[in-house]
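Novice: Structure in structure tokens, see below.
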Amino acid sequence: MKKDISFAPVDKVYVAIVPEKTELDETIWNAWLINTNDVKLTNVFVTSKGYSTEGNQKQETSVLRQHFPELEPNQHVQIELVNPAVFRLANEYWVSYYIGQQIFDKKFIFMPETIIEDNLIFIPQLNQKGILHS
């Protein structure tokens, strides 16, 4: 049962949404999972979806699931390409992983209309500007 599982607080794991220029000088946005711990994460699962509960018109995107067997200390991995059409929705990344035998679990939610260039900050782990969620 889920109530019997002890979930420790997530620390030093982040999700970032980062704009990048293509060879054709177009901007694409990627979601990244960043591990700044000094230990390896194992059995990492990430589910992502967009949704809106505004008004009577509920909208929801498909749920995408990613699995990464390991994420080494101070490393990052691309989760997915993010279509700018979903920036008007809440974008949720639910991350679960293990450190040793301990499970960790957290939802990172980018609220509607927050994935914009005005909110970009420098993310040293990626050596790029992006929107970092901790």
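Novice: List the residue pairs whose Cβ atoms are under 8 Å apart, where the first residue sits in the range 100-122 and is touching a residue at least 24 places away in the same chain (Cβ under 8 Å), the second is in a strand (DSSP E or B) and open to solvent by 70 Å² or more (accessible area, probe 1.4 Å), and the two are 6 or more positions apart or on different chains.
Specialist: So the pair list comes out as Phe104/Tyr98; Asp105/Trp94; Lys106/Trp94; Phe108/Trp94; Leu120/Lys129.
Novice: Check the range 29-52 and report whether any residue there is β-branched (Val, Ile, Thr) and modelled with pLDDT under 95.
Specialist: Of the residues in the range 29-52, the ones β-branched (Val, Ile, Thr) are 34, 36, 39, 42, 44, 46-47.
Cutting the leftovers down to modelled with pLDDT under 95 gives us none.
Within the range 29-52, not a single residue is β-branched (Val, Ile, Thr) and modelled with pLDDT under 95.
Novice: On to the next question. Residues that are over 21 Å from Gln125 (Cα atoms): list the strands (runs of 3 or more DSSP E) wholly contained in the range 1-67 that include at least 3 such residues.
Specialist: 41-52
Novice: If you don't mind, there's one more thing I want to ask. Please count how many residues of the range 10-55 are within 19 Å of Ile99 (Cβ to Cβ) and either crowded, with 16+ Cβ neighbours inside 10 Å or in contact (Cβ under 8 Å) with a residue 40 or more places away in the chain (or both).
Specialist: 17
Novice: Still on this structure, I have one more. Of all residues in the range 106-122 being β-branched (Val, Ile, Thr) and either within 14 Å of the chain's Cα centre (by Cα) or not in a strand (DSSP E or B) (or both), which is nearest to Glu60 (Cα to Cα)?
Specialist: Residue satisfying both the conditions and the ranking: Ile109.
The values are calculated or read from the model by the stated rules, or taken from the named source; none is laboratory data. None of these values were measured; they are calculated from a predicted model. Because the Cβ atoms are built from the backbone with ideal geometry, glycine has one as well, and the counts that use them run over all protein chains shown. What goes into the accessible areas is simple: the full protein's heavy atoms, side chains included, and nothing from ligands, DNA or RNA. Shrake-Rupley method; radii C 1.70, N 1.55, O 1.52, S 1.80 Å.
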